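S.K.: Here it is, the structure in full.
The values are calculated or read from the model by the stated rules, or taken from the named source; none is laboratory data. Since this is a predicted model, take the numbers as computed values, not measurements. No Cβ is skipped: glycine too gets one built from the backbone with ideal geometry, and neighbour counts run over all protein chains shown. For accessibility, only protein heavy atoms count, side chains too; no ligands or nucleic acids. Shrake-Rupley method; radii C 1.70, N 1.55, O 1.52, S 1.80 Å.
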Amino acid sequence: SNVTEALIGTAITRWLMQGRPPFETLRGTVAFLVASSTAVLLSSFVDSALVVVNRFGERSFWQLWETRMFANIATAWTLVPLIASWALQGGSFVRSATPARIGEMTVLIALVVAISLFSPHAAHAASGSSAFMFLPVLLWAVLRFNVIGSSTIFALVASVVTWQTGHLPAPYDLGSPARDARAVHLFIIVVAPALLCLAAVLSERRRVEERLRAGERRFRLVLEATRDAIFDRDVDTGRVWWEGNGLEQLGYDATTRPHRLEAWR
């Protein structure tokens with residue numbers, strides 16, 4: 001049943017992305033979320049049926065299906081981005097890591113550990129919103145390290161939340177281990193998609209900005225080599241914008257350049 005889940009999720013992701021890697025764009029991230037949740041939903045029918053047929057417990061089919069669905073979606077959204085992002089980008093991430101970036105990642109990890117140690121119930125998902133004390137650290141990771149950093153920190157936070165929920169007494173007792181586990185699953189299911197989508201949007205924006213800067217550098221090199229004069233006029237306001245060496249060639253300097261078409265005429 002788990003192999004079936006992996007095959008369904010991979011097939012849907014490949015079909016939606018047409019060979020492009022997921023997590024680098026918002027479309028790829030949404031495709032992964034849709035594919036993984038669909039795979040879990042469908043494969044849970046197989047898994048629950050096997051448990052019922054083999055009499056591995058006394059729970060009903062739909063109770064098993066619901067439990068497995070929440071648990072496997074939480075697991076997929078925690079581990080798959082972590083594994084995939086390191087497999088696709090881990091080499092370049094390590095090679096480009098500067099001492100400052102390494103130090104920043106170390107601080108993030110230390111903050112997660114500190115919140116867990118000095119506020120033991122902060123990581124306990126059964127305490128309602130207390131697990132969301134990790135959100136500032138997670139947002140920091142997304143803003144500074146994109147998918148690979150945010151997935152690493154989120155996997156660490158999810159592990160802490162899971163372990164402490166199972167081993168520490170909850171400040172607010174939800175009544176059963178099953179409800180505690182469901183609280184952990186809901187925390188992961190709510191936070192993970194938001195972080196992944198935000199990281200994808202920021203990654204896309206950075207790539208666009210890099211392409212624009214590269215295009216601007218090439219444009220300036222061409223102007224310097226050809227000494228062409230290029231101007232642009234805003235039809236609505238009449239303002240004229242000049243680029244390159246054109247004004248110097250025509251005898252103007254920065255203080256006397258005409259900014260409107262009438263003055264230029």
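S.K.: Given H placed on each backbone N at 1.01 Å, which residues far from Arg260 in sequence or on other chains put an amide H within less than 5 Å of it?
M.R.: Val240
S.K.: Still on this structure, I have one more. Can you give the calculated 222 nm mean residue ellipticity of the chain, where each DSSP H run of n ≥ 4 adds -39,500 (n - 2.57) and the sum is split over every residue, rounded to the nearest 500 deg cm²/dmol?
M.R.: Calculated from helices alone, the mean residue ellipticity at 222 nm is -25500 deg cm²/dmol.
S.K.: Quote the relative contact order of the chain in percent (integer), defining contacts as alpha-carbon pairs under 8 Å separated by 6+ residues.
M.R.: Rounded, it is 17 percent for the chain.
S.K.: Sticking with this structure for a sec: Report in % the part of the accessible area of the chain that belongs to carbon and sulfur, leaving out ligands and nucleic acids; probe 1.4 Å.
M.R.: 64 percent
S.K.: Pick out, in residue order, every one of the chymotrypsin sites (Phe, Trp or Tyr not before Pro) in the range 1-107 that is DSSP loop and has at most 16 other C-beta atoms within 10 Å; say none if there are none.
M.R.: Phe56
S.K.: Within 12 Å, Cβ to Cβ, of Leu143, how many net charges do the neighbouring residues add up to if Lys/Arg are +1 and Asp/Glu are -1?
M.R.: Taking every Cβ under 12 Å from that of Leu143, the sum is +2.
S.K.: Ok, one more. Going by accessible area, probe 1.4 Å, with all protein chains left in place, what is the ranking of Asp234, Asp180, largest first?
M.R.: Asp234, Asp180
S.K.: Now a separate question. Using the alpha carbons of the chain, what is the convex hull volume per residue in cubic angstrom, as a whole number?
M.R.: 211 Å³
S.K.: Hydropathy first: keep DSSP H helices in the chain averaging at least 0.5 on Kyte-Doolittle, then drop any whose Cα extent along the axis falls short of 20 Å, and list what survives.
M.R.: Helices meeting the span and hydropathy rule in the chain are 2-17, 26-53, 61-95, 99-118, 135-167.
S.K.: If you count only protein heavy atoms with a 1.4 Å probe, what accessible area per residue comes out for the chain, rounded to a whole Å²?
M.R.: Ligands and nucleic acids excluded, the result is 59 Å² per residue.
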